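All remarks here apply to the structure that follows.
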Amino acid sequence: MEKSRIYTKTGDGGKTSLVGGARVPKTHVRLEAYGTVDELNACVGLLASLVDDAGLKEQLLQVQHRLFSVGSYLATDQTRTELPEAGRLSEESVLFLERAIDAMDGSLPPLKGFVLPGGSQASALCQVCRTVCRRAERRMLALENEGECELDIAVKRFINRLSDYLFVLARKLNNLTDKGEIYWDKSCK
């Protein structure tokens, strides 16, 4: 197999190719959506490198695989190109997150208020992942709202549920390291 070239020079003029070959500006709303999903995937990879628990590390790896599928889904203009199988998410991906959330949440103390990001390094990074996930969701909805595509409900639900998963995981990571949660002091004193 011939080694692929890392640089192609085709993006030097400010355009890039979608899956299927259509060229769009690098500022296109579709690129904002899948670029933010890519950013999220990189953040989750960094998070996984800080997690010691093998089960949680495996969950994060599964999340990364699914995020890559979401990126493929978003990078495909389905009005021009058939969606590759790898770009499809099933409802099982949403259920995977819901089961993980329920299992973690069941082992955690009840919330006493709004939790500030912090505690352990992994937990703080998990909260960063959560905020990037929320931004990815907003970018995806902007893509849909601008009439570029109608997003698959499983994809929307997965990204929405992923931010919930990351919130609960942040709490779990603090719990595993005996770091107390930091609650918002509403008085700001």
* Among the residues of segment 85-108, write down those that are touching a residue at least 60 places away in the same chain (Cβ under 8 Å) and touching a Ser or Thr at 6+ places or on another chain (Cβ under 6 Å). => Gly87, Leu89
* **Residue, farthest from Leu50 (Cα to Cα), within segment 147-189, restricted to residues that are of a type in the set (Val, Ile, Thr) and buried (at least 17 other Cβ atoms within 10 Å of the Cβ)** => Val155
* To do: Check every one of the helices (runs of 4 or more DSSP H) wholly within segment 73-189 and list those with 1 or more residues that are in contact with a strand residue (DSSP E or B) (Cβ under 8 Å, 6 or more places away or on another chain).
  => 153-176
* Structure fact -> Of Asp12, Asp52, the only residue that is at pLDDT below 95 and under 23 Å from Ala124 (Cβ atoms) is Asp52
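Scan Gly147, Gly106 and give me the residue that is small (Gly, Ala, Ser) and farther than 28 Å from Gly35 by Cβ.
Gly106
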* With the condition kept exactly as written, say whether any residue in segment 161-183 is out of contact with any His (no Cβ under 6 Å at 6 or more places or on another chain), more than 25 Å from Gly35 (Cβ to Cβ), small (Gly, Ala, Ser) and at pLDDT below 95. => yes
* To do: Please identify the pairs in which a residue from segment 63-82 that is closer than 23 Å to Cys126 by Cβ and free of Cβ contacts under 8 Å to residues at least 12 places away in the same chain has its Cβ atom under 6 Å from the Cβ atom of a residue that is among the β-branched types (Val, Ile, Thr) and not in a helix (DSSP H, G or I), counting only partners at least 6 apart or on another chain.
  => none
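Among the residues in segment 109-125, are any over 21 Å from Asn41 (Cβ atoms), among the charged types (D, E, K, R), surrounded by 15 or more Cβ atoms within 10 Å (Cβ to Cβ) and more than 15 Å from the chain's Cα centre (by Cα)?
no
The values are calculated or read from the model by the stated rules, or taken from the named source; none is laboratory data. Note that this is a predicted model, so its numbers are computed, not measured. Cβ: placed from backbone, ideal geometry, glycine included. Neighbour counts: every protein chain shown.
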